[in-house]
1. So what J values fall out for region 298-304 if you push phi through Karplus, 6.51 cos²θ - 1.76 cosθ + 1.60 with θ = phi - 60°, rounded to Hz, Gly and Pro as x?
2. Give the separation of the Cα centroids, region 111-174 to region 3-52, in Å.
3. Size of the dipole of the chain about the Cα centre, Lys and Arg at +1 and Asp and Glu at -1 on the beta carbon, nothing else charged, in debye to 20?
4. What FRET efficiency comes out for Glu115 versus Leu59 if R0 is 30 angstrom and r is the Cβ-Cβ distance? Round to the nearest 0.05.
5. So how much slack lies between His285 and Arg258, counting 0.36 nm per residue of separation and subtracting their Cα-Cα distance, in nm?
6. Is the shape of region 65-162 best called rounded, prolate or oblate, per the rule: a/c under 1.5 gives rounded, else a/b larger than b/c gives prolate, else oblate, with a ≥ b ≥ c the square roots of the Cα gyration tensor eigenvalues?
7. Calculate, for Glu265 and Phe165, the FRET efficiency according to 1/(1 + (r/R0)^6) with r their C-beta to C-beta distance and R0 51 Å; round to the nearest 0.05.
8. Can I get the semi-axes of region 178-253's equivalent ellipsoid? Compute them from the C-alpha gyration tensor as square roots of 5 times the eigenvalues, in angstrom, largest first.
Amino acid sequence: MKCLVTGAAGFIGSHLCERLIAEGHQVVGLDAFVPYYPRPIKERNLEALRSQARFTFRLCDLRRDPLDDLVRDVEVVFHLAAMPGLAQSWTDFDGYWTCNVLATQRLLEAVRKAERLQRFIHVSTSSVYGKYASGDESLPLKPISPYGVTKLAAEHLCRSHAEAFGLPLVVLRYFSVYGPRQRPDMAYHRFIRSLLRNEPLVVYGDGFQVRGNTYVADCVEATVAAMKAIPGETFNIGGEETATVWDIIRKLETLAGRQALIRQEPARPGDQRYTFADTSHLRRHLGWQPRTSLDEGLARQFQWQKAELDTGHFSQREAA
Ligand SMILES: NC(=O)c1ccc[n+]([C@@H]2O[C@H](COP(=O)([O-])OP(=O)(O)OC[C@H]3O[C@@H](n4cnc5c(N)ncnc54)[C@H](O)[C@@H]3O)[C@@H](O)[C@H]2O)c1
């Protein structure tokens, strides 16, 4: 299949491209290197892909660059490009509205002319549910951050194109993804970085927020499986285990062999309190199930971050 992956230089997009290549697909990966976090980190995410004959990278900003040629003969679109994370969405609304809503609309307009398109897989988030995101896909949609609102708006745009123009749409709602290459702003990445450097680690709120965690390889496997999903379906994608922030810190302390220096700060507006995906729909339709335990997944992320730090990659790139 000829696949287009938007957000290919990102955390999950780069893993997805690698998996698609390994399965024999032809992949065009598109990214604009938006400066939400430093470009050198994203360039490193792409390193293994650059040498693959079946992978082509296109530097392209979905907000403004021409898209028709990119999508003309594409068979599957995986739309991951977005401004992620909720904290900055209170202060950079323009970035979130343009990258999450306007960019999605431009991509949807372009794929109307893609005659060979078989699936448009739109990546959304548990944030569309709001403060308590625990349950199946029928939970009320009540986002509590501009990030969640823009991601929900993008879902609605996709559905309107499916209704009006027959877009073969599948919507995936990811729940807290972690593992190697996790974004540097995400909690587990920050915790591990602080532990490795023996620096204070910031916990927002009371630390009893609960997350259903999804290991990145399991998330990617579900995303690839969605190529066979019936158009019109929406699926939650989440792992089997929940943990509070304190549970995670204890596990990471064991991996690091040292106690964390903890600094507590007030809860951030828009933070979710409890997230845990009911994935029965995904399991029933696509036979998917998560394979990586939380302990195993955290150990892999820890080892990856340690290796990046030991080889000087993070310190150089963070300075960029
Ligand atoms: N990481 C998670 O836990 C998580 C959870 C729920 C949903 N998601 C969703 O998964 C997707 C990927 O998230 P991620 O964590 O890999 O984020 P990421 O920031 O690592 O990757 C997103 C990529 O999209 C690119 N991008 C953004 N705007 C663009 C534009 N206008 N044109 C071209 N490229 C653009 C960025 O440069 C970045 O490389 C996002 O849609 C996000 O909302 C992620």
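Taken together, the values in this text are just the output of simple stated rules run on the coordinates, not laboratory data. Not measured: the values here are computed from a predicted model. Note that we place each Cβ from the backbone using ideal geometry, even for glycine, and neighbour counts take in every protein chain shown.
1. Along region 298-304, the couplings run 5, 4, 5, 5, 4, 4, 5 Hz.
2. Here the answer is 22 Å between Cα centres.
3. Using only the charged Cβ atoms, the result is roughly 200 debye.
4. 0.75
5. Roughly 5.4 nm would be gained on extension.
6. It is oblate, given that a/c is not under 1.5 and a/b is not larger than b/c.
7. 0.65
8. Semi-axes from the Cα gyration tensor: 30, 14, 10 Å.
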